[in-house]
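*Asks:* Dropping a structure here in structure tokens format, bear with me for questions.
The values are calculated or read from the model by the stated rules, or taken from the named source; none is laboratory data. Nothing here was measured: the structure is a model prediction, and the numbers come from that model. Every residue, glycine as well, gets a Cβ built from its backbone with ideal geometry; the counts of neighbours run over all protein chains shown. We work out accessible area using only protein heavy atoms, side chains counted, and drop any ligands, DNA or RNA first. Shrake-Rupley method; radii C 1.70, N 1.55, O 1.52, S 1.80 Å.
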Amino acid sequence: MNSNKFSVSDSELDPAKLPAHVAIIMDGNGRWAKKRLFNRIIGHEKGVETVRTIIRACHDTGIPNLTLYAFSTENWQRPKYEVNALMILLSKFLKNDRQEMKDKSIRFNAIGQLDRLPKKVRHDIEQTKSFTRDGDAMQLNLALSYGGRSEIVDMVKAISKKVLDGQLDPETISDSLVSQHLYTARLPDPDLLIRTSGEMRISNFLLWQIAYSEIYITDTLWPDFKRDEFIYILKQFEGRNRRFGKVAET
Ligand code: IPE
Ligand code: IPE
Ligand code: MG
């Protein structure tokens with residue numbers, strides 16, 4: 001790969017034009033391993049290194065919210081050994097990295113159907129959340145056992161209950177009320193959605209929240225995704241003309 005391809009330095013970024021929330025579909029670990037005739041699990045292990053790199057890059061550049069799609073509701077259908085290996089890697093990551101998160105004032109959060117995760121992983125999530133709860137420099141959200149449709153179903157259930165209990169008048173249901181009942185309740189919608197490994201799809205990620213996100217898809221496989229490409233994408237984002245349905249400002 002041409003090492004100069006993504007040569008944008010941090011200082012070239014305009015802090016006023018940074019996304020307030022970056023969401024990433026981390027894809028391509030399996031293909032990265034396959035290309036090298038490795039087991040897919042090796043690809044996931046390499047992928048954890050990229051997770052670290054990108055968390056650090058977000059923190060350094062001052063992006064306040066990062067959401068990483070780590071495991072989808074559909075991923076439960078993968079072979080049992082792969083699911084188990086992912087759960088072990090997840091626990092390891094949480095235990096190894098929570099001190100660095102705390103030191104950097106990064107607050108950890110997890111979103112998704114967390115009750116489907118193994119008890120051990122749920123425990124590590126809770127520990128990491130409480131350990132990093134005072135972090136105010138950045139929030140890291142890991143989407144785990146996450147599906148955009150089940151998030152919407154959960155939101156409908158929560159709102160319906162309030163209506164049935166007489167706490168809520170259906171006429172007052174608005175966009176913002178719906179947002180407040182999603183797993184991402186206190187987060188701004190992602191300004192920028194990145195997907196690695198070239199697939200042109202959303203794969204059930206943040207369906208409601210990405211209504212006006214800028215999308216950037218790179219062919220780079222997740223384990224090969226480095227800081228320089230991430231900074232390059234932030235620079236590309238700066239140049240996007242976000243119209244939100246209106247006429248472009250001149
Ligand atoms: C992304 O890599 C990680 C998860 C979905 C858990 P994949 O495992 O989907 O890698 P490919 O798509 O098979 O290359
Ligand atoms: C999307 O990747 C889910 C995550 C990155 C966790 P997949 O590899 O599961 O998506 P598809 O199967 O290619 O749509
Ligand atoms: Mg994939």
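*Asks:* Looking only at PRO79, PRO188, PRO15, which one moves most when the chain is put into a Gaussian network model with springs between Cα atoms under 10 Å?
*Replies:* Evaluated over the chain, the most mobile residue of the options is PRO79.
*Asks:* Of the candidates GLY28, GLY147, GLY135, which one comes out as most mobile in a Gaussian network treatment of the chain with C-alpha springs shorter than 10 Å?
*Replies:* GLY135
*Asks:* Something else about it: Taking DSSP loops as anything outside H, G, I, E and B, show the longest stretch in the chain free of trypsin sites (Lys or Arg not before Pro) there with at most 15 other beta carbons within 10 Å.
*Replies:* Free of exposed loop sites, the longest segment is 37-132.
*Asks:* Counting only GluC sites (Glu not before Pro) that are in a DSSP loop and have at most 16 other C-beta atoms within 10 Å, tell me the longest site-free stretch of the chain.
*Replies:* The segment 1-198 is the longest one with no such site.
*Asks:* Any number yet on Rg/Rh for the chain, C-alpha, Kirkwood?
*Replies:* 0.97
*Asks:* Taking only Cα atoms and a 10 Å spring cutoff, compute GNM fluctuations for the chain and point out the largest among LEU207, LEU37, LEU187.
*Replies:* LEU37
*Asks:* May I pose another question? Enumerate the amide H contacts of TYR216 below 5 Å, restricted to partners 5 or more residues apart or on another chain; note that Pro and chain-start residues carry no placed amide H.
*Replies:* LEU193, ILE194, ARG195
*Asks:* Cut-off under 17 Å on the C-alpha distance; same-chain residues fewer than 8 positions from LYS35 excluded. Which lysines are left, in chain and number order?
*Replies:* Partners within reach: LYS46.
*Asks:* Still on this structure, I have one more. A 26 angstrom limit on the alpha carbon distance is what I want to check against. Which of LYS34/LYS95; LYS120/LYS162; LYS102/LYS162; LYS17/LYS246; LYS95/LYS162; LYS120/LYS157 exceed it?
*Replies:* LYS34/LYS95; LYS120/LYS162; LYS102/LYS162; LYS95/LYS162; LYS120/LYS157
*Asks:* With runs of 4+ DSSP H residues as the only contributors, calculate the mean residue ellipticity of the chain at 222 nm using -39,500 (n - 2.57) per run, divided by the residue total and rounded to the nearest 500.
*Replies:* So the calculated ellipticity at 222 nm is -13000 deg cm²/dmol.
*Asks:* Of all the accessible heavy-atom surface of the chain, with the other protein chains kept in place and a 1.4 Å probe, what percent is carbon and sulfur?
*Replies:* On the chain, the fraction of accessible area on carbon and sulfur atoms equals 50 percent.
*Asks:* Per 0.36 nm of contour for each residue apart, how much would the distance between ALA137 and LYS157 grow if the chain were fully extended, relative to their Cα-Cα spacing?
*Replies:* 3.9 nm
*Asks:* Turning to a different aspect of this structure: Please give the length that would be gained between LYS92 and ARG201 if that part of the chain were fully extended, namely 0.36 nm times their separation in residues minus their C-alpha to C-alpha distance (nm, one decimal).
*Replies:* Between LYS92 and ARG201, full extension yields an extra 36.3 nm.
*Asks:* Among all the aspartates and glutamates, which ones have a C-alpha under 18 Å from LYS235's C-alpha, if same-chain residues fewer than 8 places away are not counted?
*Replies:* Within the straight-line limit of under 18 Å, LYS235 reaches these aspartates and glutamates: ASP10, GLU12, ASP14, ASP60, ASP191, GLU214, ASP219.
*Asks:* If you count only protein heavy atoms with a 1.4 Å probe, what accessible area per residue comes out for the chain, rounded to a whole Å²?
*Replies:* 53 Å²
*Asks:* Give the residue from LEU117, LEU142, THR128 lying farthest towards the positive end of the charge dipole for the stretch 47-146; charges sit on Cβ (+1 for Lys and Arg, -1 for Asp and Glu) and the dipole is referred to the Cα centre.
*Replies:* Value: LEU117.
*Asks:* Report the label-to-label distance for GLN127 and ASP14 in nanometres (one decimal), using points 7 Å from each Cα along the Cα→Cβ vector.
*Replies:* Using points 7 Å along Cα→Cβ, the separation is 4.5 nm.
*Asks:* Can you bin the stretch 73-173 into rounded, prolate or oblate? Criterion: square roots of the alpha carbon gyration tensor eigenvalues sorted a ≥ b ≥ c, rounded for a/c under 1.5, prolate for a/b above b/c, oblate for the rest.
*Replies:* Note, shape of the stretch 73-173 comes out oblate.
*Asks:* While we're on this one: In whole percent, what relative contact order does the stretch 100-250 give with Cα contacts below 8 Å and a gap of six or more residues?
*Replies:* 19 percent
*Asks:* Continuing with this model, one more query. Can you compute the modelled spin-label distance between ASN4 and ILE173, with each label point 7 Å from Cα toward Cβ, in nm?
*Replies:* Simple spin-label model gives 5.7 nm for this pair.
*Asks:* Over what distance in Å are the Cα centres of the stretch 1-64 and the stretch 211-250 separated?
*Replies:* Cα centroid of the stretch 1-64 versus Cα centroid of the stretch 211-250: 13 Å apart.
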